[in-house]
Amino acid sequence: TDKSGDGPYQFFDLVSLALVVFMLKRVYRCAGYDHRGDACFPLANTLSCTFFLAVMLHPSLNHIPVFDTAWTASIFIDTFALIPQLKLLTTRGGTVDTLTGHFIAAMALSKLASLCIWYAACEHLNPNPNKFNASGYSIVAAHMLQLCFCGDFMFYYVKAFATCQKVTIPLPASNTSV
């Protein structure tokens, strides 16, 4: 077993977690922050569920449960991270900012590449071949769910790219006026 990265990787995991917590506190304290939109995405419930699932389903990648759980939680959190942005785009409808569109498309392609890797490596996440591979299947399922969330946007993105136009999301039927 290669132990060359045992210390630095965990250190940077903890530093990045601390930075995320710091940024979230800053956002919530900001005077210009609009809390009304928070009701549509239950952040606390989502984080609680993802950490619970990570504790239950984490693989044994480096045989240190805390870091295996943190990695698994990051995969599960990643699954839901784009939902508020996608919800905002579909609720408002209309033309999508070019950089936002490219960001979401790049994230979707990243998740597709990651899915391919973890699908191929799924069997290696099972420490006991005689038992059900819950860890491996949960990682693959999380990646598939990420792609499902991005699917609608990617349809409009590819359509806009093929016709050399800006990405336009139609308004939901309930938001259209007669």
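The values are calculated or read from the model by the stated rules, or taken from the named source; none is laboratory data. What you see is a predicted model; the values in this text were computed from it and never measured. Note: ideal-geometry Cβ built from the backbone for every residue, glycine included; neighbour counts use all protein chains shown. To get the accessible areas, we keep the full protein, side chains included, count just its heavy atoms, and leave off ligands, DNA and RNA. Shrake-Rupley method; radii C 1.70, N 1.55, O 1.52, S 1.80 Å.
Remind me, what semi-axes does the chain give for its equivalent ellipsoid, largest first in whole Å, using sqrt of 5 times each Cα gyration tensor eigenvalue?
Whole-Å semi-axes of the equivalent ellipsoid: 33, 22, 15.
Tell me the angle of helix 65-81 to the major Cα principal axis of the chain, expressed in degrees between 0 and 90 and rounded to the nearest ten.
Between the helix axis and the principal axis of the chain, the angle is about 10 degrees.
Report the charge-dipole magnitude of the chain in Debye, nearest 20, computed about the Cα centre from +1 at each Lys and Arg Cβ and -1 at each Asp and Glu Cβ.
That gives a dipole near 480 debye.
Rolling a 1.4 Å sphere over the protein heavy atoms, what is the accessible area per residue of the chain, to the nearest Å²?
Details: 12230 Å² over 178 residues.
Here the residues of the chain average 69 Å² of exposed surface.
Cross-link list 111/166; 87/159; 3/25: which exceed 27 angstrom alpha carbon to alpha carbon?
3/25
I need the chymotrypsin sites (Phe, Trp or Tyr not before Pro) found in the stretch 66-147, filtered to DSSP loop residues with at most 15 other beta carbons within 10 Å of theirs.
132
For the stretch 85-178, compute Rh as the Kirkwood radius over C-alpha pairs and then the Stokes-Einstein diffusion coefficient at 25 °C and 0.890 mPa s; write the answer in µm²/s, rounded to an integer.
Working: Rh = 15.2 Å.
For these conditions, the coefficient is 161 µm²/s.
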